[in-house]
Structures are given as C-alpha cells and as structure tokens.
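Engineer: Have a look at the structure that comes next, please.
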Amino acid sequence: MAVARALVVHGGAGAVAEDTVPARLLGCREAAQAGWTVLIHGGSAVDAVEAVVVILEDNPLFNAGVGSPPNSDGQIELDASIMDGARGRAGAVAAVKRIKNPIRLARRVLQDQRHILLTADGAERFAQASGMTLCDPQDLIYPPPGHRQQRHGTVGCVALDRAGRLAAATSTGGIANKYPGRVGDSALIGCGTYANRDSGVSCTGIGEAIIRVVLAKTLVDLMRLDVPIQVTAKQAIGILAEQTGDAGGLIVVNQRGDVGYARNTTHMPVCWVREGGDLVTDI
Ligand code: ASP
C-alpha cells in the first residue's frame, strides 16, 4: 500500500551567528528539495537521505565534508552513518581524511554488508577498493587558512518513501579541536543515527553526551508509546539534558509520515516536507 512520503533535514544544533541563519536555512531547503525530488521520482528513502547529505557535505557552510573543523593536529577527520530501517541494515565510517563525501562511503559499507563501521585508513582502502577516488585532505579545508569561518553544523536527514521504508543519515566533521582519532555519535548506529520499520532519527550536538544516552535508539524506542511526535522528540532531548547536562538536537519521522524535531540549543536549522505540502523551514 502506498504511504504518505515525508522528509526532514537538519543543519546542526548549536548557537550560530544570526547573519548566517538565512544561508543555513536556504542550504537545508535546497538539500530537502533535492531529497524530495528523489522520493517523488520513486527513489528509496535510502537514496533520498544520501542525496540530501551529499549536498550538505558539499556546502562549506555546514560542518560536514568540505568546511569541517580541524582537530588538534590541524587535520580534518570525518564521521558519517546511514541506516536502512526497512532492512535493518547500516553502514558507517569514522575518522576518514581523504573522503569528500563520507556519506557515500557509508552507503557503500551498508551495501557491502560485511561490516557496519570502518575507520580511518581501512575505510579509505575500502573506498578505493570499491571504486571511489580519494581526495586531497586540503580539498576539505574551507575557507583557505586565515579566513574566519564559524565551524558549525553537523547535517542529517530522515526520509519515508512511498513503499513505507524509513532511512536516516548523519554526517559531521565532529567537534573543533577534537583529539586526533576521536569518533563521535554521528558514526555510531543507535547514537547519532537509527532507523527501523517504525521510525528514523538523526541527532546532532555534543557527541560524547549523545553516545552516553544512545539517543537515536532511545527516541526510536520512545516512539512506540504513540504519543504526538513533537512531545516524544522533546522527551528525548529532555533525557539528554537530564542525564548528561549537555545540549543537542534531533529530527524524527514515523511510519505515518509525521515529522518531529527538538533541540535544547538556541538554533537548529531544519527543513521538512510531507506529501501534499510545501517545504517548511524553522530554526
Ligand atoms: N554530534 C557531532 C559530534 O559530536 C557534532 C555536532 O552534532 O555538532 O561529532
């Protein structure tokens, strides 16, 4: 039976300069529009969330792919994950330095099915073995050294396709000045990303806190109580705040195509769309 499609995008939780808000909302809107086009043309939820995240990784305004913040060694290390809720399959990569679009590599890990999470050199070897070209780490640096940029904005997307399949994806450069080799929630299934047959979630915020409460899976489990989706989304952020004292945000879609999002930060650009409706942005 055909179901009502839905898609929601986030551009990271945290404080951002007010003058960057319009561009962040536009970036989320353009990515959401591209993902929606994938769904409208019969693409799967996994195709849609990958397409959305690739666009946001390529947008230097966001902290994912190009424009990510350097670690304490001055190097960029990227994390990403993707989950196909209908099949219960996932793929993720962590601490990769020469991958322009880590979400594409995470998708290949998902498709390959041997493993779920590949890190650093091994992930890059897998990329080459599966036909991807490695980039120069310098290509990920934006703007050129000396220019000021606000390093903020992990990205994520959750989608429900016409066949009722849910998928979620998240990509990040992590936290600025992080210890080399540090891996955050965005690479960890159940923490930054989770989807099953009933709902899908992508999280953003302090990775160490999100990992401690296994936030994405916690919210997917709460969704079984079938209370209004916004109430449940806020409840999950409440758990994060109460148990860790830290901040974050999340987006969620359920099997009915209801969309929810919540944050306890000042900002989190979002854009969402449901069958028969227009794209809506919020901050
Ligand atoms: N959750 C990401 C991390 O800790 C950062 C973020 O969402 O801003 O790597």
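Throughout, read-outs are computed from the coordinates displayed, never taken from laboratory work. This structure is a prediction, so every number in the text was calculated from the model and none was measured. Note: ideal-geometry Cβ built from the backbone for every residue, glycine included; neighbour counts use all protein chains shown.
Engineer: Show the residues, 5+ positions off or on another chain, whose built amide H is closer than 5 Å to the amide H of ILE206.
Structural biologist: Result for ILE206 returns ALA247.
Engineer: Additional query: Please work out whether the stretch 49-92 counts as rounded, prolate or oblate from its C-alpha gyration tensor, where a ≥ b ≥ c are the square roots of the eigenvalues and a/c under 1.5 means rounded, while otherwise a/b larger than b/c means prolate and anything else oblate?
Structural biologist: oblate
Engineer: Report the local net charge at ASP136: Lys and Arg +1, Asp and Glu -1, summed over other residues whose C-beta lies under 11 Å from its C-beta.
Structural biologist: +2
Engineer: Please list, in order along the stretch 159-174, the HN-Hα scalar couplings obtained from phi with the Karplus expression 6.51 cos²θ - 1.76 cosθ + 1.60 (θ = phi - 60°), rounded to whole Hz, x for Gly and Pro.
Structural biologist: These are the phi-based 3J(HN,Hα) values: 9, 10, 9, 4, 8, x, 8, 9, 8, 9, 8, 9, 8, 7, x, x Hz.
Engineer: Right, another one. Using modelled amide H (1.01 Å from N, peptide plane; none on Pro or chain starts), what sits under 5 Å from the amide H of HIS152, excluding residues fewer than 5 places away?
Structural biologist: Result for HIS152 returns ASN63.
Engineer: Give the cysteines in the chain for which no other Cys Cβ lies under 4.7 Å away, or write none if there are none.
Structural biologist: CYS135, CYS157, CYS191, CYS203
Engineer: Could you name the lysines whose alpha carbon sits less than 17 Å from that of LYS217, not counting residues in the same chain fewer than 8 places away?
Structural biologist: Leaving aside lysines fewer than 8 places away in the same chain, those within reach of LYS217 are LYS234.
Engineer: Is the stretch 236-283 rounded, prolate or oblate when judged by the Cα gyration tensor, a ≥ b ≥ c being the square roots of its eigenvalues, rounded requiring a/c under 1.5 and prolate requiring a/b larger than b/c?
Structural biologist: Verdict is oblate for the stretch 236-283.
Engineer: When the chain is fully extended, how far beyond the present Cα-Cα distance does ILE283 get from ASP226, taking 0.36 nm per residue of separation?
Structural biologist: 18.0 nm is the gain from fully extending ILE283 to ASP226.
Engineer: A further question on this structure: Just from the alpha-carbon atoms, what are the Rg and Dmax of the stretch 19-110 in angstroms?
Structural biologist: Radius of gyration, then largest Cα-Cα span, for the stretch 19-110: 14.0, 44 Å.
Engineer: List the lysines whose Cα lies under 18 Å from the Cα of LYS178, skipping any in the same chain that are fewer than 8 positions away.
Structural biologist: Result set, ordered by chain and number: LYS97.
Engineer: Output the Cα-based Rg and Dmax of the stretch 129-283 in Å, rounding Rg to one decimal and Dmax to a whole number.
Structural biologist: Over the stretch 129-283's Cα set, Rg and Dmax evaluate to 16.5, 51 Å.
Engineer: For the chain, take N as its residue count and report Rg(C-alpha) divided by 2.2 N^0.38 Å.
Structural biologist: After normalising by residue count via 2.2 N^0.38 Å, the value is 0.89.
Engineer: Using a 10 angstrom cutoff on alpha carbons, build the Gaussian network for the chain and name the most mobile of ALA17, ALA45, ALA168.
Structural biologist: Top of the fluctuation ranking is ALA17.
Engineer: Ok, one more. Taking neighbour Cβ counts within 10 Å as the exposure measure, how do THR37, THR119, THR133 sort from fewest upward?
Structural biologist: THR133, THR37, THR119
Engineer: How much of the DSSP beta bridge set in the chain is antiparallel, as a percent to the nearest 5?
Structural biologist: Here the share of antiparallel DSSP bridges comes out near 90 percent.
Engineer: I need MET268, MET223, MET83, MET132 ordered by Cβ neighbour count within 10 Å, fewest first.
Structural biologist: The fewest-first ordering by Cβ neighbours comes to MET132, MET223, MET268, MET83.
Engineer: Using θ = phi - 60° and the Karplus relation 6.51 cos²θ - 1.76 cosθ + 1.60, list the HN-Hα couplings for the stretch 67-83 in order, rounded to whole Hz, with x at every Gly or Pro.
Structural biologist: Once rounded to whole Hz, the list reads x, 6, x, x, 7, 5, 8, x, 10, 9, 10, 10, 10, 7, 8, 8, 9.
Engineer: Still on this structure, please answer the following. Can you give me the long-range amide H partners of CYS135? Hydrogens built in the peptide plane at 1.01 Å from N, cutoff under 5 Å, separation of 5 or more residues or another chain.
Structural biologist: When sequence neighbours closer than 5 places are left aside, the close amide H contacts are ILE99, LYS100.
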